[in-house]
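S.K.: Following this message is one structure expressed as structure tokens.
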Amino acid sequence: MYWWIELGYPDAFELGKDGLFPRPGQVVKYYRGRKMNDKGRAWTQKNLARTLGISDNAVRDIEIRDIGMDDFGRRQFLSKLFSIPPILLGIVSSSEIALLLEQHRKANSSVVLSTARATSRKHTIDVQEYQERLVSLVAAGHSGQRVLSTALASLDVLSREADASQEQAPIQSLLSDYHRIIAEEWCEQGDYDPAIEHLNKAFRFADVGGDERKALVFKTRGAMLWKANRIDEALVDFERAWQFEKKLPNTMRGSILLESARPRAERATTKQEQAEVLRSIDLVGGIIRANRQKEDPHSIVLDLDCYHLYKASVLITIGWNKEATEELQVIKGFPQFRMRQVYYDILQAQAYMNRGMYEMTTPLLECALTTALEVNSEVNIARVTKVFQQLQQSPYKDSPDVARIDYLLYKKPRAQKP
């Protein structure tokens with residue numbers, strides 16, 4: 001018996017050439033035939049050909065001969081398009097499959113047989129293990145394929161457990177958190193639509209976690225909408241998060257104030273509005289300095305460096321670039337938080353760019369871009385590109401340093417998406 005059958009997936013695929021995963025073309029064909037198009041009919045090969053911009057024969061080659069399925073980006077896209085479990089298209093490692101099989105076998109040995117008194121079963125997975133895995137994924141940050149593939153595989157197991165288990169609350173809380181983590185990974189890769197879709201699902205499971213978890217989902221979605229340049233929608237979600245303010249711990253209250261400050265600054269048109277945004281950020285600084293934040297169960301990091309970083313971002317937005325530079329100079333850097341370090345470098349570069357200090361801009365941009373390309377952080381690649389485009393219009397445009405940024409953006413291969 002193939003491992004995917006043992007894990008409860010369809011017995012409809014042959015073993016692929018790699019000797020581990022099912023044949024990807026057969027997987028695509030199977031799930032394509034179960035997706036309805038806008039006319040309520042199953043997707044055809046012609047529909048898929050049009051979507052991928054290839055010929056009908058090329059789709060047949062995919063489904064019959066697996067040709068073209070070595071493209072990791074294509075597998076990732078097809079997984080989203082047809083709701084194919086990522087594990088069936090090889091978007092997990094062999095060690096993760098072994099772990100899932102071990103958990104599945106343990107689960108089967110602990111199933112409660114159906115009797116007059118027991119019509120369902122209790123958890124057959126170790127809930128604590130999945131909670132600890134979630135914490136480790138958050139700590140890993142945006143590290144490309146590994147975090148997303150592990151989170152997707154875990155979500156698949158948890159979803160099937162929720163369908164079978166009698167004890168729903170712990171599983172639903174985990175489902176909400178895993179959907180949120182996956183959303184953050186998609187967002188970092190610039191895929192905002194699936195990110196927001198996962199956050200919408202996270203919110204549906206958030207009720208069991210009370211007001212804190214609902215506020216957390218609203219806050220996260222607000223931040224994503226801001227990154228997607230949907231500023232007005234972002235502000236609405238931040239307001240929804242803030243409605244729970246009196247029931248939230250200081251760490252989450254401070255995080256909402258910091259995250260919401262950036263879109264608020266973009267919409268501030270008067271000095272009074274700008275001063276109000278800065279005042280709200282300084283409230284967070286006061287909370288941190290008074291040491292009133294407690295350990296947060298949702299792994300929210302709130303410290304003075306974080307406060308200075310967000311304040312610098314707002315200062316740049318309202319045109320106070322010298323003050324932003326001074327704010328950033330207070331920070332020693334973020335060696336333990338790679339994406340925060342990238343954002344820090346970009347903010348420094350943007351402030352120097354706005355002040356006409358071009359020679360100090362380019363090395364910061366190159367450092368930020370190298371890491372962003374390495375982990376496929378499309379959000380930060382876009383931020384670097386914005387500053388680079390300003391450099392191209394500056395007196396420094398013909399500098400080899402600017403040409404170096406251009407080369408990195410044009411030539412350096414980016415990490416593949418899971």
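Coordinate-derived values only; no laboratory data. Being a predicted model, the structure only gives us computed values, none of them experimental. Note: ideal-geometry Cβ built from the backbone for every residue, glycine included; neighbour counts use all protein chains shown.
S.K.: Between D61 and K332, what's the calculated FRET efficiency when r is the beta-carbon distance and R0 is 35 Å? Round to 0.05.
M.R.: 0.05
S.K.: May I ask which residue of L152, T385, A290 lies farthest towards the positive end of the charge dipole of the chain, with charges of +1 (Lys, Arg) and -1 (Asp, Glu) on Cβ and the Cα centre as origin?
M.R.: Towards the positive end, the residue furthest out is L152.
S.K.: State to the nearest 20 debye the size of the charge dipole of the chain about its Cα centre, where the only charges are +1 on K and R beta carbons and -1 on D and E beta carbons. Intermediate results must be reported in sequence, preceding the final value.
M.R.: Values: 58 positive and 55 negative charges, 150 e Å.
I would put it at about 720 debye.
S.K.: Next up: Counting other beta carbons within 10 Å of each residue's own, what order do R230, R180 fall into, fewest first?
M.R.: Fewest to most other Cβ atoms nearby, the residues stand as R230, R180.
S.K.: How high is the FRET efficiency from R279 to K17, r the C-beta distance, R0 60 Å, rounded to 0.05?
M.R.: Values: r = 62 Å, r/R0 = 1.04.
Efficiency, from the Cβ-Cβ distance: 0.45.
S.K.: I've got another one for you. Treat the count of other C-beta atoms within 10 Å as a stand-in for reagent exposure and order H198, H308 from fewest to most. Walk me through the numbers on the way to the answer.
M.R.: On the way: H198 26, H308 20.
Listing H198, H308 from fewest to most nearby Cβ atoms yields H308, H198.
S.K.: Most exposed first by the Cβ proxy, i.e. fewest other Cβ within 10 Å, how do R34, R60 rank? Provide the component values of the computation, followed by the final result.
M.R.: Numbers: R34 12, R60 15.
The order, fewest Cβ neighbours first, is R34, R60.
S.K.: How far is it, in nm, from the label point at E359 to the one at L52 when both lie 7 Å from their Cα along the line to the Cβ?
M.R.: Here the modelled spin labels are 5.2 nm apart.
S.K.: Is it possible to state the helix-based mean residue ellipticity at 222 nm for the chain, with each DSSP H run of 4+ residues giving -39500 (n - 2.57), the sum divided by total residues, to the nearest 500 deg cm²/dmol? What is it? Before the final figure, lay out the partial values.
M.R.: Values: 20 runs with 275 residues, N = 418.
Rounded to the nearest 500, it is -21000 deg cm²/dmol.
S.K.: Long-range amide H contacts for G90: which residues qualify at under 5 Å (H placed 1.01 Å from N, peptide plane, sequence gap of 5 or more or a different chain)?
M.R.: Residues meeting the amide H criterion: none.
S.K.: From the phi angles alone, apply the Karplus equation (6.51, -1.76, 1.60; θ = phi - 60°) to segment 260-265 and give each ³J(HN,Hα) in whole Hz, x where the residue is Gly or Pro.
M.R.: 3J(HN,Hα) across segment 260-265, in whole Hz: 6, 5, 5, x, 5, 5.
S.K.: Remind me, relative contact order of segment 333-418 in percent, using alpha carbon pairs under 8 angstrom and six or more residues apart?
M.R.: The value is 28 percent.
S.K.: Consider a paramagnetic label point 7 Å from the Cα of N200 along Cα→Cβ; state which residues of segment 235-263 have an amide N under 18 Å from it.
M.R.: Flagged as within label range: 235-238.
S.K.: If I fit a long axis through the Cα atoms of helix 231-242 and take the longest principal axis of the Cα atoms of the chain, what angle between them do I get, 0 to 90°, rounded to 10?
M.R.: So the helix axis and the longest Cα principal axis differ by about 80 degrees.
S.K.: Continuing with the same structure: Full-extension gain between K39 and K80, please, as 0.36 nm times their residue separation minus the C-alpha to C-alpha distance.
M.R.: Values: separation 41, 0.36 × 41 = 14.76 nm, distance 1.99 nm.
This chain segment gains 12.8 nm when fully extended.
S.K.: Exceeding 19 Å between C-alpha atoms, which entries from my cross-link table qualify? They are K332/K386; K219/K247; K17/K46; K271/K311. Provide the component values of the computation, followed by the final result.
M.R.: Values: K332/K386 25 Å; K219/K247 15 Å; K17/K46 26 Å; K271/K311 16 Å.
Among K332/K386; K219/K247; K17/K46; K271/K311, the Cα-Cα distance tops 19 Å for K332/K386; K17/K46.
S.K.: At a Förster radius of 22 Å, what calculated FRET efficiency corresponds to the Cβ-Cβ distance of Q168 and D126, to the nearest 0.05? Could the numbers behind the result be given before it?
M.R.: Working: r = 17 Å, r/R0 = 0.76.
So, using R0 = 22 Å, E works out to roughly 0.85.
S.K.: May I pose another question? Got a sec to turn the phi values of segment 316-321 into Karplus ³J(HN,Hα) couplings, 6.51 cos²θ - 1.76 cosθ + 1.60 with θ = phi - 60°, whole Hz, x for Gly and Pro?
M.R.: Computed from phi, the couplings for segment 316-321 are 5, 4, 8, x, 9, 6 Hz.
S.K.: To test your reading of the geometry: what angle, between 0 and 90 degrees and rounded to tens, separates the Cα axis of helix 72-81 from the longest principal axis of the chain?
M.R.: 80 degrees
S.K.: Just to check I understand the Karplus step: with θ = phi - 60° and J = 6.51 cos²θ - 1.76 cosθ + 1.60, what whole-Hz values come out for segment 213-220, glycine and proline as x?
M.R.: After applying 6.51 cos²θ - 1.76 cosθ + 1.60, I find 5, 5, 4, 5, 5, 4, 4, 5 Hz.
S.K.: Per residue, how big is the convex hull of segment 333-418 when only Cα atoms are used? Give it in Å³. All intermediate terms of the calculation are to be shown ahead of the outcome.
M.R.: On the way: hull volume 6.9 nm³, N = 86.
That works out to 81 Å³ per residue.
S.K.: Follow-up question, since we're still on this one. When the dipole is taken about the Cα centre of segment 3-91, and only Lys, Arg (+1) and Asp, Glu (-1) are charged at their Cβ, what size is it in debye, to the nearest 20? Don't skip to the answer; put the middle values down first.
M.R.: Working: 15 positive and 11 negative charges, 99 e Å.
Charge dipole of segment 3-91: 480 debye, to the nearest 20.
S.K.: What is the gain in length, in nm to one decimal, between D193 and E374 on full extension, counting 0.36 nm per residue of separation less the C-alpha to C-alpha distance? Intermediate results must be reported in sequence, preceding the final value.
M.R.: Working: separation 181, 0.36 × 181 = 65.16 nm, distance 2.27 nm.
Going from the current span to full extension adds 62.9 nm.
S.K.: To test your reading of the geometry: what angle, between 0 and 90 degrees and rounded to tens, separates the Cα axis of helix 358-374 from the longest principal axis of the chain?
M.R.: Taking the Cα atoms of the chain, the angle to 358-374 is about 10 degrees.
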